[in-house]
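What follows is a set of notes on a single structure, which appears directly below.
The numbers here are math on the coordinates, done by the rules we state, and not lab data. Being a predicted model, the structure only gives us computed values, none of them experimental. Heads up, the Cβs are rebuilt from the backbone with ideal geometry, glycines too, and the neighbour counts pull from every protein chain shown.
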Amino acid sequence: MKTSMSLIALVVWFLTTSVYAQEIVWFDSNWKVSTKEEATYYRPNPKKKDNGFWIVDYYISGKVQMEGFSKTSEANVEKFQGKVNYFHENGKIFQKVNYVNGQPEGSFSEFFETGETQRIGKYKNGLREGIWKTFYKNGKIQSGGKYSAGEKVGIWKTYYKNI
């Protein structure tokens, strides 16, 4: 009797832990679903949050690569909503992007691995819009110009580094 109770308890424990086990999706360097052996990034099963999912992707080293809210959890068909942060492997912010219904919308910022601003601009309806600028690490403007509906328009200027 004691043995059968222990066996039943073991089976119940195994079934409940199997149901709640984390599934991991592995990605290669091009963000295509891959095997663990060929992976550069991975994603544990996203956590359910409100009417969507909190997604956190990792470098194979275990450092956070991206985190943000998506209306869907399926790999490569995410529909991000709100602010999504991307990180360099050293832990410093790489990009800050705002999304509306899965498309970039509003301000965009990109940073060098050392933390300095590399590029700024805005998106409208998923396309680059308005003034965009790129910077040298020393903070001086490298280039700048204007986008309209995702296309470069007008005069674009490139500047010397001027140490």
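So the values come out like this:
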quantity	calculated
Distance violations [Cα-Cα > 28 Å] among Lys79/Lys157; Lys92/Lys140; Lys49/Lys124	Lys79/Lys157
Hydrodynamic radius by Kirkwood, which averages 1/r over all alpha carbon pairs of the chain, in angstrom	18.7
Value of relative contact order over the chain, rounded to a whole percent, pairs C-alpha under 8 Å and six or more apart	9
Radius 10 Å from Cβ of Ile24, net charge of other residues (Lys, Arg +1; Asp, Glu -1)	+1
³J(HN,Hα), Karplus 6.51/-1.76/1.60, whole Hz, each residue of the range 49-60, x for Gly, Pro	8, 6, 9, x, 9, 8, 9, 10, 9, 10, 5, 4
Within the range 19-71, GluC sites (Glu not before Pro) in DSSP loop having at most 10 other beta-carbon neighbours inside 10 Å	Glu23
Pairwise centroid distance, computed over Cα atoms, of the range 99-163 with the range 52-66, Å	25
Residue-averaged [θ]222 nm for the chain, counting only DSSP H segments that reach four residues, each worth -39500 (n - 2.57)	-3500 deg cm²/dmol
FRET efficiency for Ser107 and Thr35, using Cβ-Cβ distance with R0 set to 25 Å, rounded to 0.05	0.10
Set of aspartates and glutamates near Lys48 by C-alpha distance (under 18 Å), chain-local residues within fewer than 8 positions excluded	Glu23, Asp57, Glu67, Glu74, Glu78
